[in-house]
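**Q** This is the structure, below, for whatever I ask next.
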Amino acid sequence: MTHRKARLIALTTATLSFGAVAAGTASAETPTFCGDMYVCLENGTVFGGPEETYPETPSESQITAQQIVEDCAVDRQADAPGVSCGFYPYGEPEVVGFGKWEPLTSDYTNCYGGGGDLNNIEWSDHNEYTTSNSVTVGASVEIGLSELVQVSIDTNFQHTWGSSTGTTQSFTAFVPKGYKAHLQHRYQRQQVTGVLWIDYEHTGTGPMEGHGHHYWAITDFTATSPVKGSSDATVKDQVSLAKPRPVQAGDCTD
């Protein structure tokens, strides 16, 4: 905490705020990116703080980081009155490997054995699913900020960002007698970190209001998205059979 605050003070001798800007500051101004990791207003105010500096529960003068994220998502999806927000990336997206395995099919239960295609789970490119964007503040929160991040990335780096539907893979797997299993997949991910800011027209504690302040910003804010190919926007995806599990009583009926 002390280290981060010292870095902020070094940026300017004007008004300083670690996370919020007071209600006396006029709203409806689009903050600019200060470099480093913060955002600034025209009067020299520098503000922003990491997620851990925000409280777990709100008060009259403190908002939670999760509410900032959720209110921003509402604004992006429905152009909420009295709220505007933006995202400034610190740099280009970074490929971070494959994500966790997610179910691709329901369980296939092999109760009576047998061979051949009767006990295969099949996946082919005519099946479709959607990979989704997510944003992270503390614990993962999946929410609709993909458009905001995409516009910011496109503007700054001309880099493809977003969700994708479908697959180009075909996969067949055999489930042994007395076991059940499903197909699973995981896609290659990219992440970008930046500062997410929000401007509230109203400073009250009601819905879509700023809890005593017009401006807030979350630094070190991370967004995750599938990596899409530059030529065909195909997501690099892996499909496998989940570890087969023994059937349970009630799984098999005569």
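The values are calculated or read from the model by the stated rules, or taken from the named source; none is laboratory data. Values in this document were obtained by computation on a predicted structure and should not be read as measured data. Methodologically, a virtual Cβ is constructed for each residue, glycine included, from the backbone with ideal geometry; neighbour enumeration extends over all protein chains shown.
**Q** On the basis of being at pLDDT below 90 and among the acidic types (D, E), does D107 make the cut?
**A** No; evaluated as a whole, the condition is false for this residue.
**Q** Then there is this: Cβ contacts < 7 Å: first residue under 30 Å from T64 (Cα atoms) and of a type outside the set (D, E, K, R), restricted to segment 119-138; second residue modelled with pLDDT under 60 and surrounded by fewer than 15 Cβ atoms within 10 Å (Cβ to Cβ), any location; separation 6+ or different chain. Result?
**A** Once the first residue is under 30 Å from T64 (Cα atoms) and of a type outside the set (D, E, K, R) and sits in segment 119-138, its partners that are modelled with pLDDT under 60 and surrounded by fewer than 15 Cβ atoms within 10 Å (Cβ to Cβ) give S134/S140.
**Q** Can I ask one more? When the residues of segment 193-218 are narrowed to those that are β-branched (V, I, T) and in contact with an Asp or Glu (Cβ under 7 Å, 6 or more places away or on another chain), which ends up farthest from S27 (Cα to Cα)?
**A** If we take residues in segment 193-218 being β-branched (V, I, T) and in contact with an Asp or Glu (Cβ under 7 Å, 6 or more places away or on another chain), then T193 is farthest from S27 (Cα to Cα).
**Q** Something else now. Here is a list: E102, E70. Which entry is of a type in the set (D, E, K, R), within 14 Å of the chain's Cα centre (by Cα) and at pLDDT 85 or above? Spell out the reasoning first.
**A** Working: E102 fails: within 14 Å of the chain's Cα centre (by Cα).
Sole residue among the options that is of a type in the set (D, E, K, R), within 14 Å of the chain's Cα centre (by Cα) and at pLDDT 85 or above: E70.
**Q** Now, a different point. Can you name the number of the only condition in (1) at pLDDT 80 or above; (2) among the hydrophobic types (A, V, I, L, M, F, W, C); (3) over 18 Å from A242 (Cβ atoms) that F171 fails?
**A** (3)
**Q** So which pairs qualify, if the first residue must be in segment 53-69 and touching a residue at least 40 places away in the same chain (Cβ under 8 Å), the second must be buried (at least 18 other Cβ atoms within 10 Å of the Cβ) and among the charged types (D, E, K, R), the Cβ gap must be under 7 Å, and the two must be at least 6 apart or on different chains?
**A** A65/E51
**Q** Sticking with this structure for a sec: May I ask you to verify whether S225 is hydroxyl-bearing (S, T, Y) and surrounded by fewer than 21 Cβ atoms within 10 Å (Cβ to Cβ)?
**A** No, not satisfied.
**Q** Picking from Q158, Q169, Q188, which residue would you name as being at positive phi and surrounded by fewer than 19 Cβ atoms within 10 Å (Cβ to Cβ)? Let's see the steps before the verdict.
**A** Values: Q169 fails: at positive phi; Q188 fails: at positive phi.
Sole residue among the options that is at positive phi and surrounded by fewer than 19 Cβ atoms within 10 Å (Cβ to Cβ): Q158.
Listed here are the residues, each with its yes/no results for (1) modelled with pLDDT of 85 or more; (2) buried (at least 16 other Cβ atoms within 10 Å of the Cβ); (3) out of contact with any Lys or Arg (no Cβ under 9 Å at 6 or more places or on another chain); (4) not small (G, A, S).
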site: Y88; (1), (2), (3), (4): yes, yes, yes, yes
site: F98; (1), (2), (3), (4): yes, no, no, yes
site: D125; (1), (2), (3), (4): no, no, yes, yes
site: S152; (1), (2), (3), (4): yes, yes, yes, no
site: Y179; (1), (2), (3), (4): yes, yes, no, yes
site: L183; (1), (2), (3), (4): yes, yes, yes, yes
site: L196; (1), (2), (3), (4): yes, yes, yes, yes
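**Q** When segment 208-232 is examined, which residues are found to be part of a loop (DSSP other than H, G, I, E, B) and at pLDDT below 85?
**A** Of everything in segment 208-232, those that are part of a loop (DSSP other than H, G, I, E, B) and at pLDDT below 85 turn out to be V227, G229, S230, S231, D232.
**Q** Being among the hydrophobic types (A, V, I, L, M, F, W, C) and part of a loop (DSSP other than H, G, I, E, B) is the requirement here; does A80 meet it?
**A** yes
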